[in-house]
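Quick notes on the structure that follows.
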Amino acid sequence: MNRINKILITLFLMILLALPLVPGQPVSLLWVPDAALALSSDTNPVGTNRIVQVVKQQNPAVVWVESVKKVQKMNRRTPGNPFFRNFPQVPQPPRRGGGTGSGFIIDPQGYLLTNHHVIDGADKIKVRLQVEDKEKDYEAELIGSDKKTDIALLKIKRDENDTTPFPYIRMGNSDSLEIGEWVIAIGNPFGLSHTVTAGIVSAKGRDIGAGPYDEFIQTDASINPGNSGGPLLNMKGEVIGINTAIISGNTGGNVGIGFAIPINMAVKIVHDLKAHGKVTRGWLGVMIQNLTPDLAETFSLKTTQGALVSEVVPNGPAFKGGLQRGDVIVEFAHQPVENVSALPRLVATTPPGKTVDVVILREGKKQMIHITIDVMEEKEA
């Protein structure tokens with residue numbers, strides 16, 4: 001009897017599996033993959049067709065940047081050499097110097113971003129746009145640049161009657177980037193115009209010793225000489241970084257480690273450059289160092305988080321606010337200070353004249369003081 005029941009139940013289940021689960025909706029015995037999943041969709045945005053779409057959309061806003069420098073003319077005559085005694089001095093034309101890089105337009109009026117080192121010392125700046133497979137050259141005006149962050153703001157010069165809006169790339173949010181996220185780099189490496197490469201975000205917040213405010217995005221998207229100043233894009237086609245530096249080893253080319261300036265940092269710099277032609281930074285007036293485990297033990301602290309104050313500038317903002325040597329700054333303007341490199345970035349982006357809350361550890365006890373930030377005096381290089 002039990003055997004008969006088992007046979008009947010098995011037959012019943014087989015009949016159910018053979019029938020459609022929803023009336024009017026046939027069930028196929030063969031699984032057919034969703035065509036969209038083979039390419040790109042909102043749930044799978046990494047397919048090659050999505051990269052193609054982003055490149056087609058944003059390529060026209062990426063420009064070739066050439067800096068032209070006039071090099072002092074050379075006199076080939078050697079003073080005192082009798083060979084040239086009876087020959088007239090022949091003037092030599094100035095040699096042309098400079099270099100090339102990349103850039104990208106950020107608004108319809110023709111403002112564009114590149115690296116400071118691409119245009120540093122240029123007597124003339126030229127940019128080349130590529131629209132519908134046609135190239136057009138323009139001169140560009142330097143609005144301002146910032147050596148410490150390696151950012152420069154240019155504006156394309158054109159006829160006053162030409163009001164055609166330039167193609168441009170919208171800015172994304174580099175703070176929302178995730179490690180492992182796909183990115184696209186466009187630029188002119190080795191003079192090869194509008195080269196496209198793709199990779200992922202390898203790391204964030206990298207300090208490579210390039211400047212006092214290092215906070216680079218690291219990527220394995222191929223970046224080479226000539227890519228400097230070009231955009232690093234997310235899969236929405238938004239710019240999230242400015243390609244700036246590489247580690248090249250002994251090859252001089254890419255080895256899978258490139259660095260881009262976060263676009264959120266650039267946005268703050270652009271605002272100052274557009275308004276004043278230079279960057280205004282906040283100044284705290286302290287010398288700081290990392291809090292090592294040995295130093296933490298010396299100061300009876302249970303953590304190495306924060307920036308140790310090693311010196312306070314007399315009559316500076318920190319001095320007036322009551323900060324002392326030996327204090328450990330753990331929070332600035334309600335932002336955590338994880339290490340010594342975090343504090344300069346927080347202070348620099350604070351508007352001069354603003355009073356901020358600063359949380360410190362003094363003799364092992366946490367307390368809050370209030371400091372009014374002053375203007376950092378920029379020294380000419």
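Each value in this text was obtained by applying a stated rule to the coordinates, not by laboratory testing. Keep in mind that what you see is a predicted model, and the values were worked out from it rather than measured. Note that each Cβ is placed from the backbone with ideal geometry, even for glycine, and that neighbours are counted across all protein chains shown.
Amide H to amide H, with H built 1.01 Å from N, residue 151 comes under 5 Å of 116, 146, counting only residues 5 or more places away or on other chains. For residue 111, the residues whose modelled amide H falls within less than 5 Å of its own, excluding neighbours fewer than 5 places apart on the same chain, are 106, 156.
P(r) for the stretch 174-276, from all Cα pairs and a bin width of 5 Å, is 3, 14, 25, 25, 19, 10, 4, 1, 0 %, short bins first. Taking one quarter of the surface of the C-alpha convex hull of the stretch 282-375 gives a mean projected area of 5.0 nm². For the stretch 174-276, a simple Cβ point-charge model (Lys and Arg +1, Asp and Glu -1, everything else neutral) yields a dipole of about 200 debye relative to the Cα centre. Tell me which residues come under 5 Å, amide H to amide H, from residue 204 once H is placed; ignore anything under 5 positions away on its chain. So residue 204 has HN proximity to 218.
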